[in-house]
Every structure is written in C-alpha cells, then in structure tokens.
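These notes concern the structure reproduced below.
The values are calculated or read from the model by the stated rules, or taken from the named source; none is laboratory data. Predicted model only: the values in this text are computed from it and were never measured. Neighbour counts run over all protein chains shown; Cβ positions are idealised from the backbone, glycine included. Heads up: the accessible areas ignore ligands, DNA and RNA and are worked out on the full protein's heavy atoms, side chains in. Shrake-Rupley method; radii C 1.70, N 1.55, O 1.52, S 1.80 Å.
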Amino acid sequence: MKLSFRWYGQEDKVTLDNIRQIPGMHTIVTAVYDVAVGQVWSKESIARLKQQIEENGMHFEVVESIPVHEDIKLGKPDRDLYIENYCENIRRVAEAGVKCVCYNFMPVFDWTRTELAHPLPDGSTTLAYYQEQVDAVNPLESDSDLTLPGWDASYSREGLRSVVAQYQSMTEEKLWANLQYFLEKVIPAARECGINMAIHEDDPCWSIFGLPRIITDEKNLDRFLKLVDVPNNGITLCTGSLGCSCRNDVAKMAAKYAAMGRIHFVHMRNVAVLPDGKGFEERAHLSSCGSLDMYEIIKALHDNGFDGYIRPDHGRMIWGETGRPGYGLYDRALGATYLNGLWEAAEKNKRTASK
Ligand code: CS2
Ligand code: MN
C-alpha cells in the first residue's frame with residue numbers, strides 16, 4: 001500500500017510540512033479547487049501542486065476529486081461538452097504524474113451529516129448522521145429550515161431547490177444509464193494515459209431526500225464494474241461510506257474487489273452504526289471504537305494483493321484543534337499511524353503463516 005493524506009491546498013490549515021512528518025507518508029491527495037465544476041483545470045495550477053508537494057518530499061499521484069457536473073448525472077444535452085472537459089482534466093493530471101482519480105456520482109449532495117461537532121464522551125467532537133434530522137428536511141420547500149452542514153455552499157437556496165427539482169423524474173435506472181454513458185467516454189481516455197479511475201461510494205449508502213443513489217452495496221458495485229469491464233474502471237473502497245449500513249460486509253468486499261484488481265484507492269475510517277436505522281456516528285479509527293473490524297479489512301486488502309493508495313478518512317477534532325470538519329491534522333495522523341501498524345501486522349502474519 002501507499003500511504004496518502006488529503007490536503008486542501010494553500011488554504012488548508014494543515015500544511016505539507018505537517019503531513020510529511022507522519023511516518024511512512026508517500027502521496028498527497030488533492031485537487032484544483034479554484035475552478036468551477038465542469039471546467040478545465042489550468043496546467044499551471046496542476047504544475048504548482050506538483051511542485052509544492054515534491055518540494056516537501058512527497059508524491060502527487062492521487063486526485064480527489066475531479067467532480068462530475070450535474071448535467072452529466074442528469075443526462076442533459078450539454079453533457080458531451082462537460083465530459084470532454086473531464087477527459088481533458090484526466091489527460092492533464094496524468095501528464096503531471098497522477099495515477100489515480102477519485103470521483104463520485106451522487107446526485108447533488110456529496111457526503112451528508114446532520115452534526116459536524118457532535119461531542120463524544122472523551123471530549124472530542126465528531127461528525128454524525130441522525131436519520132430523523134435528515135427526514136425533517138425537504139430541499140424542495142424553500143421555506144423549510146433548509147441547510148445541513150457539508151452542503152455545497154456554491155448553491156444558493158433557490159439554486160439548490162432548482163437542481164433537486166430537476167431530479168424529480170430521475171429513476172435509478174436512468175442514473176445507471178447516465179453513468180454508463182459517462183464511463184464509456186471517460187474510461188478509454190483514462191486508459192490511454194494510464195489513469196485508474198476510482199469511484200467513491202455514496203455516503204451514506206442509501207437514498208436521501210428521495211434522490212436516487214446507486215453506488216451503495218456489493219450487488220451494485222458488481223454491476224458498476226461490469227459497465228466497462230477493464231481494470232482502469234475501479235473503485236475507491238470507503239469503509240465508512242459502505243460500513244454505515246450493517247448490510248455491507250466491508251471486509252468481504254475488500255477481499256473480493258482487491259483480488260479482482262479493481263480497488264485503486266482506499267478510505268479508512270470507522271463508524272458506530274446506531275440501532276434501528278437511527279443513523280451513525282464517526283469514531284476514532286481503532287476497531288474497538290466503532291462497528292468496523294479495521295484489522296480484518298486491512299488483512300483482506302493485504303492478502304488479496306492490494307497495492308494501491310490508502311488514506312485515513314475523516315478524523316475527530318481532538319486536543320483543541322479547530323478546522324475543516326473531518327479534516328484536522330491530529331486524529332487523521334493517529335489514523336495513519338494505526339494503518340501503518342495494521343499493515344505491518346498483516347504483512348508479518350502472512351509471512352509467519354507461509355513458513
Ligand atoms: C470524501 C468525499 O470527505 C469525504 O467524505 O470522502 O467528499 C469524497 O471526496 C468524494 O465523495 C469523492 O468524490
Ligand atoms: Mn470517503
């Protein structure tokens with residue numbers, strides 16, 4: 001595995017200086033953030049990222065994300081233009097040495113939480129999702145008390161209402177067809193320049209606000225991989241996104257898709273799933289802090305030949321740190337060292353077992 005860490009660029013309070021001191025750090029995961037979704041990234045911006053990262057002794061090999069324009073997901077007539085821009089971005093980041101591109105295909109909303117600073121008994125704070133709070137929000141009623149933390153701030157309230165409204169006739173099958181259309185153009189472009197595409201699962205992995213979500217479970221991931229059945233069309237295995245539903249056996253999926261060579265990127269984090277569909281809370285990475293067996297997942301990846309990129313996903317806020325929810329330094333750094341430890345254990349266990 002290649003250990004990586006997400007960095008939000010020059011604006012990020014967490015610096016490359018900080019990140020390089022985390023043991024075993026290899027790759028910075030970042031993106032060009034000052035360009036509107038659907039537009040082409042400038043070569044200068046990409047080159048600047050590369051230079052800053054390499055000056056700090058790390059590699060720039062993963063982009064998260066090149067966002068997919070809503071008109072592509074909606075299948076609107078101008079999608080071809082946005083797809084062409086998407087392919088151009090793939091070519092440009094490949095030229096800078098990037099090997100893997102993470103993206104998602106969730107209508108309108110990326111990850112959704114109802115609380116960004118939920119207190120835990122040890123005094124840390126974490127991200128949480130309570131289903132009843134989500135059910136109380138209707139994005140189509142402009143006068144409802146509508147905002148949840150984490151929503152794309154580039155939408156005005158009216159803009160958000162209108163884009164949600166455009167999905168009213170969107171079925172899961174139509175969304176699948178639009179995803180296939182996108183992949184049939186993008187994957188050949190990625191293949192040509194040696195980029196592995198890695199779709200991120202929907203977070204949470206079920207429909208919210210009546211909008212369809214399809215990258216949610218094993219059956220749908222099987223279907224996704226067959227849409228364009230080549231190694232470059234792969235996944236980001238996000239343990240927290242899949243693991244917030246008890247129906248998903250994340251270690252089993254890790255083993256299966258790693259053996260198929262289709263996991264290019266892994267997001268590791270732990271969640272505590274609440275009973276009776278009430279939702280989930282994000283927790284420290286350690287297995288005993290949440291519902292996921294992190295060792296089993298790492299071992300499944302290791303034993304099935306995974307050699308891609310891995311990063312600690314969200315962290316709690318600890319030691320008085322403030323900053324971007326989920327993306328402080330301290331708890332993610334603890335997560336990274338834990339991942340190093342689990343990987344070393346998996347390696348040495350396998351060696352002992354084969355003696
Ligand atoms: C990330 C996602 O912060 C997070 O939860 O895992 O925002 C992820 O970057 C996107 O879904 C990938 O496009
Ligand atoms: Mn993730």
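Annotations for the structure displayed:
- Per-region count, segment 6-27, residues open to solvent by less than 60 Å² (accessible area, probe 1.4 Å) and within 14 Å of residue 49 (Cα to Cα): 8
- Of everything listed in (1) within 16 Å of ligand 2 (Cβ to nearest atom); (2) without any contact (Cβ under 8 Å) to a residue 24 or more places away in the chain, the single unmet condition for residue 219 is (1).
- Of the criteria (1) in contact (Cβ under 8 Å) with a residue 12 or more places away in the chain; (2) open to solvent by 60 Å² or more (accessible area, probe 1.4 Å), which one residue 54 fails: (1)
- Summed over segment 252-278, residues that are out of contact with any Phe, Trp or Tyr (no Cβ under 9 Å at 6 or more places or on another chain), within 15 Å of ligand 1 (Cβ to nearest atom) and open to solvent by 10 Å² or more (accessible area, probe 1.4 Å) total 0.
- Of note, residue 288 does not satisfy the criterion of being among the polar types (S, T, N, Q) and either open to solvent by less than 40 Å² (accessible area, probe 1.4 Å) or not in a helix (DSSP H, G or I) (or both).
- Test result for residue 143, part of a loop (DSSP other than H, G, I, E, B) and modelled with pLDDT of 95 or more: no
- Here residue 184 clears all of (1) acidic (Asp, Glu); (2) in contact (Cβ under 8 Å) with a residue 12 or more places away in the chain; (3) within 29 Å of residue 272 (Cβ to Cβ) except the condition numbered (3).
- Filter result for residue 302 (within 16 Å of ligand 1 (Cβ to nearest atom), outside any strand (DSSP E or B) and closer than 30 Å to residue 233 by Cβ): no
- Entry remark, segment 222-238: residues being aliphatic (A, V, I, L, M) and within 16 Å of ligand 2 (Cβ to nearest atom) number 2 in total.
- For segment 239-251, the criterion of being out of contact with any helix residue (DSSP H, G or I) (no Cβ under 6 Å at 6 or more places or on another chain), of a type outside the set (A, V, I, L, M, F, W, C), within 15 Å of ligand 1 (Cβ to nearest atom) and not in a strand (DSSP E or B) is met by at least one residue.
- Test: residue in segment 228-235 that is more than 15 Å from the chain's Cα centre (by Cα) and within 14 Å of ligand 1 (Cβ to nearest atom): no
- When residue 162 is tested against the conditions (1) touching a helix residue (DSSP H, G or I) at 6+ places or on another chain (Cβ under 6 Å); (2) open to solvent by 10 Å² or more (accessible area, probe 1.4 Å); (3) outside any loop (DSSP other than H, G, I, E, B), the lone failure is (1).
- Helices (runs of 4 or more DSSP H) lying entirely in segment 1-120 (those with 3 or more residues that are closer than 27 Å to residue 216 by Cβ): 70-74, 79-95
- Beta carbons closer than 7 Å, at least 6 apart along the sequence or on distinct chains, pair a first residue in segment 335-355 that is closer than 12 Å to residue 303 by Cβ and at pLDDT below 95 with a second that is not in a loop (DSSP other than H, G, I, E, B) and not small (Gly, Ala, Ser) for 350/302; 350/303.
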